[in-house]
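Here is the structure we will look at, set down as structure tokens.
The values are calculated or read from the model by the stated rules, or taken from the named source; none is laboratory data. As the structure is a computational prediction, the values presented were derived from the model and not from experiment. All Cβ positions, glycine included, derive from the backbone under ideal geometry; neighbour counts span all protein chains shown.
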Amino acid sequence: MNRALYPGSFDPMTLGHLDIIRRASLMFDELIVAVLDNTQKTPLFSTDERVKILLEATKDMPNVRVDSFRGLTVDYCMQNNLHTMVRGLRAVTDFEYELQIAQTNRKISDNKVDTVFLTTDLQYSYLSSSTVKEIAMYGGDVSHSVPPYVESALKEKFKVIKR
Ligand code: ADP
């Protein structure tokens with residue numbers, strides 16, 4: 001079976017991520033979308049919240065599984081017998097960063113984990129979780145960037161934070 005991992009912070013998932021998930025799900029028999037539970041970063045959404053959003057987003061994609069993990073992505077790959085990672089590319093700036101990570105992952109996995117890149121759909125090329133959070137924090141419209149349930153979750157978060 002042809003399986004792949006799409007790892008990320010997904011804080012929160014945007015329509016850009018969702019587009020990559022949908023397209024990758026058509027290329028592999030099984031796609032595992034895994035939220036990185038990074039103890040070094042303070043995300044806006046907890047790991048559970050980020051997983052719930054991804055579960056909602058992928059409920060109509062039977063070959064997509066959602067999970068979360070801590071530690072090195074290549075360790076997660078090895079533990080789950082995964083040898084392909086999917087990552088999205090928006091611009092040249094993404095490329096430099098992603099190239100370095102992909103080469104590092106290949107090296108530290110003893111050439112067992114390769115990365116496949118999907119280029120963003122042009123309509124989402126400007127989209128990032130950080131800009132979405134910033135716009136939402138100031139009460140701006142993010143309806144073109146995230147699904148409605150993420151928009152509500154963002155509104156709820158910033159309502160709570162402002163109190
Ligand atoms: P990271 O895993 O680096 O913390 P994210 O969770 O934001 O970052 O993104 C996970 C993956 O999705 C990365 O490969 C990133 O380049 C890609 N990605 C993020 N936003 C978009 C977008 N709008 N279009 C395509 N790919 C994207």
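Please work out which residue is nearest to the chain's Cα centre (by Cα), limiting yourself to the range 12-27 and to residues that are assigned to a helix (DSSP H, G or I) and near the ligand (Cβ under 8 Å from one of its atoms).
17
In this structure, does residue 145 turn out to be at pLDDT 95 or above, under 24 Å from residue 22 (Cα atoms), within 11 Å of the ligand (Cβ to nearest atom) and assigned to a helix (DSSP H, G or I)?
no
List the pairs whose first member sits in the range 87-98 and is within 12 Å of residue 127 (Cα to Cα), whose second member is within 6 Å of the ligand (Cβ to nearest atom) and aliphatic (A, V, I, L, M), and whose Cβ atoms are under 8 Å apart, counting only residues at least 6 apart or on separate chains?
Hits for this filter: 88/20; 90/127.
Residues of the range 111-163 being aromatic (Phe, Trp, Tyr) and under 20 Å from residue 42 (Cα atoms), which ones?
Once the filter is applied, which keeps residues that are aromatic (Phe, Trp, Tyr) and under 20 Å from residue 42 (Cα atoms), the range 111-163 yields 138, 158.
Got at least one residue in the range 56-74 being assigned to a helix (DSSP H, G or I), of a type in the set (Lys, Arg) and over 19 Å from residue 113 (Cα atoms)?
Within the range 56-74, not a single residue is assigned to a helix (DSSP H, G or I), of a type in the set (Lys, Arg) and over 19 Å from residue 113 (Cα atoms).
Residue 87 is checked against (1) within 12 Å of the ligand (Cβ to nearest atom); (2) assigned to a helix (DSSP H, G or I) and fails just one. What number does that condition carry?
For residue 87, the exception is condition (2).
Checking residue 127 against (1) out of contact with any Lys or Arg (no Cβ under 8 Å at 6 or more places or on another chain); (2) near the ligand (Cβ under 7 Å from one of its atoms); (3) of a type in the set (A, V, I, L, M, F, W, C), only one condition comes out false. Which one?
Here residue 127 clears every test but (1).
Considering each of 154, 122, 127 in turn, give the residue that is within 30 Å of residue 82 (Cα to Cα) and either at pLDDT 95 or above or among the polar types (S, T, N, Q) (or both).
127
Quick one: in the range 4-54, of everything that is of a type in the set (S, T, N, Q) and without any contact (Cβ under 8 Å) to a residue 12 or more places away in the chain, which residue is surrounded by the fewest Cβ atoms within 10 Å (Cβ to Cβ)?
40
Could you tell me how many of the residues in the range 97-124 are within 9 Å of the ligand (Cβ to nearest atom), in contact with a Leu (Cβ under 8 Å, 6 or more places away or on another chain) and assigned to a helix (DSSP H, G or I)?
2
Look through 60, 48, 94 and report the one residue that is closer than 23 Å to residue 145 by Cα and within 14 Å of the ligand (Cβ to nearest atom).
Testing whether each residue is closer than 23 Å to residue 145 by Cα and within 14 Å of the ligand (Cβ to nearest atom) leaves just 94.
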